[in-house]
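The values are calculated or read from the model by the stated rules, or taken from the named source; none is laboratory data. Nothing here was measured: the structure is a model prediction, and the numbers come from that model. When we count neighbours, we look across all protein chains shown, and the Cβ atoms used for this are built from the backbone with ideal geometry, even at glycine.
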Amino acid sequence: MIQLNGLTKRYGEHAAVDDLTFTVRPGLVTGFLGPNGAGKSTTMRMILGLDLPTSGSATVMGRPYRELRHPLHTIGSLLDASAVHPNRSAYKHLLFLAQTNGIPDTRVREVLDLVGLADAADRRAGRFSLGMGQRLGIAAALLGDPPVLLLDEPVNGLDPEGVRWARTLMRGWAAEGRTVLVSSHLMSEMAMTADRLVVVGKGRLLAEGDIADFTGSDQLVVVRTPDAGSFARRLELSGARVDPGLSGELLVTGMTAPDVGRLAAAENVTLHELSTRGPSLEETFMELTRDAVEYGAAR
């Protein structure tokens, strides 16, 4: 578990993080979202003890990071995958981390295999592609088999197969009861990966909740039927609003998909499609953060 209580970081008059309070619970993937300059990286650095807060606190499993005797056994992190000596092999990089945290050498080979770098273990990290560097960073986060994982843009540079692999990995960790906090600018990927979201802007908490809280409202019911005209009138008589779609479908609001299906069955209407559409996570995110963007393009 990660807990933030009134966490604040000021640089002079500027508040990079302003009174943040939230909890990242085990068993879930929590997405940490915000525009550039929102304070996400500063928050993560304070969780890891790399920056000291001006006020407030951040704890991991009930303790500040600096009080963790062997940190990699408690929290694994990926902030900057390029922070590796370029002339050091992947194996040696992980071995040195393992030795400083009392982790057996055999674990190094295990995590290299887990992230798909077993065949590149003896290659110098400076020759790695961006995606391979990300995999090495994830391997370092997993070294101590920690119950808490904190990842900043973990899929940056990964190809589609790698992105899917990382998504499966994160969801698997959460399914094991681990605490997973992950930041990303890829809204479509967060929509498929995260169970909960924390959204910040200009250092302040803007919203938090289950992923459905951000995408599950204002649902449209999409109906395709060869009896579109007559069924549209029947839907309207039942209190729904019906608008025509661009491809001949009916866009229904004011009635749930199950209710539309029951009405179709009662009226012996053949349905070729019955589905729902809601606002995308990207649309909800843009609306939430429109006044918290540090550098916005001209409109």
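Here are the numbers:
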quantity	calculated
Residues located in the range 46-77, provided they are over 15 Å from Val180 (Cα atoms), small (Gly, Ala, Ser) and touching a residue at least 24 places away in the same chain (Cβ under 8 Å)	Ser55, Gly56, Ser57, Ala58, Gly62
Conditions (1) of a type in the set (Gly, Ala, Ser); (2) outside the structural domain of Asp243 (by TED's automatic domain parsing); (3) part of a helix (DSSP H, G or I); number of the one not met by Gly177	(3)
Condition met for Pro146 (modelled with pLDDT under 95 and either crowded, with 19+ Cβ neighbours inside 10 Å or not assigned by TED's automatic domain parsing to the domain that holds Ile103 (or both))	no
Residue check, Thr8 assigned to a strand (DSSP E or B) and crowded, with 16+ Cβ neighbours inside 10 Å	yes
Lone qualifier among Pro147, Pro86 - being more than 25 Å from Phe22 (Cβ to Cβ) and in contact (Cβ under 8 Å) with a residue 24 or more places away in the chain	Pro86
Any hit, the range 27-41, residues being in contact with an Asp or Glu (Cβ under 6 Å, 6 or more places away or on another chain), modelled with pLDDT of 95 or more and closer than 18 Å to Pro154 by Cβ	yes
In the range 10-35, the residues that are touching a residue at least 60 places away in the same chain (Cβ under 8 Å) and of a type outside the set (A, V, I, L, M)	Asp18, Asp19, Thr21, Phe22, Arg25, Pro26, Gly27, Thr30, Gly31, Phe32, Gly34, Pro35
Those helices (runs of 4 or more DSSP H) lying entirely in the range 64-142 with at least 2 residues within 20 Å of the chain's Cα centre (by Cα) and either assigned by TED's automatic domain parsing to the domain that holds Ala166 or more than 20 Å from Met170 (Cβ to Cβ) (or both)	130-142
Strands (runs of 3 or more DSSP E) enclosed by the range 227-298 - at least 3 residues per element that are free of Cβ contacts under 8 Å to residues at least 40 places away in the same chain	241-244, 250-253
In the range 236-273, the residues that are surrounded by 12 or more Cβ atoms within 10 Å (Cβ to Cβ) and either outside the structural domain of Thr225 (by TED's automatic domain parsing) or on the phi > 0 side of the Ramachandran plot (or both)	Gly254
Residue match in the range 43-53 (condition: farther than 16 Å from Glu208 by Cα, modelled with pLDDT under 95 and among the small types (Gly, Ala, Ser))	no
Given (1) in a loop (DSSP other than H, G, I, E, B); (2) over 24 Å from Val260 (Cβ atoms); (3) modelled with pLDDT under 95, index of the condition Glu189 fails	(1)
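Let's see how each residue does on (1) closer than 30 Å to Ala121 by Cβ; (2) of a type outside the set (A, V, I, L, M, F, W, C); (3) in contact with a strand residue (DSSP E or B) (Cβ under 9 Å, 6 or more places away or on another chain); (4) buried (at least 17 other Cβ atoms within 10 Å of the Cβ):
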position: Gly12; (1), (2), (3), (4): no, yes, no, no
position: Leu20; (1), (2), (3), (4): no, no, yes, yes
position: Pro35; (1), (2), (3), (4): no, yes, yes, yes
position: Thr43; (1), (2), (3), (4): no, yes, yes, yes
position: Arg63; (1), (2), (3), (4): no, yes, no, no
position: Arg66; (1), (2), (3), (4): no, yes, no, no
position: Pro86; (1), (2), (3), (4): yes, yes, yes, no
